[in-house]
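**Student:** Right, I'll just put the structure down here and ask away after.
The values are calculated or read from the model by the stated rules, or taken from the named source; none is laboratory data. Quantities reported herein were computed from a predicted structural model and do not represent experimental measurements. Quick reminder, even Gly has a Cβ in these numbers, built from the backbone with ideal geometry, and neighbours come from all protein chains shown. In case anyone asks, the SASA skips ligands and DNA or RNA and just uses the protein heavy atoms, side chains included. Shrake-Rupley method; radii C 1.70, N 1.55, O 1.52, S 1.80 Å.
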Amino acid sequence: MRDRVMGRFSNRLNEVAGNSRFTQLELESIFSPEEEETILEVKEALASAADDNEATIKIQAMGEKAIKVLTKLGKKALLG
């Protein structure tokens, strides 16, 4: 069961990594499998927003989980 879940997680991270500056391995080291859905929701919210204000509103509406995901990404991007 775990291998199947991790396989889906890896496939989803490949999708996210394909459009970002992070590799799949970097994303796997940052995020847990439980955060998988939030990562994809954040990506969709950012991609579908017309501007920064709309993106901010969408992320805020998603709540604490989205903020935590973006914080982890920000730390990795800015601090390495």
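**Student:** Tally time: how many residues in region 33-58 are closer than 16 Å to THR71 by Cα, open to solvent by less than 70 Å² (accessible area, probe 1.4 Å) and aliphatic (A, V, I, L, M)?
**Tutor:** Adding up the residues that qualify gives 5.
**Student:** Among the residues of region 59-80, write down those that are out of contact with any Asp or Glu (no Cβ under 9 Å at 6 or more places or on another chain) and either β-branched (Val, Ile, Thr) or in contact (Cβ under 8 Å) with a residue 12 or more places away in the chain (or both).
**Tutor:** If the condition is that a residue be out of contact with any Asp or Glu (no Cβ under 9 Å at 6 or more places or on another chain) and either β-branched (Val, Ile, Thr) or in contact (Cβ under 8 Å) with a residue 12 or more places away in the chain (or both), then ILE59, ILE67, LEU70, THR71, LEU73, ALA77 are the ones that fit.
**Student:** Hey, which of the helices (runs of 4 or more DSSP H) in region 10-80, taking only ones fully inside, have at least 3 residues that are modelled with pLDDT of 80 or more?
**Tutor:** Of the helices (runs of 4 or more DSSP H) lying wholly inside region 10-80, those with at least 3 residues that are modelled with pLDDT of 80 or more span 36-48, 52-62, 64-79.
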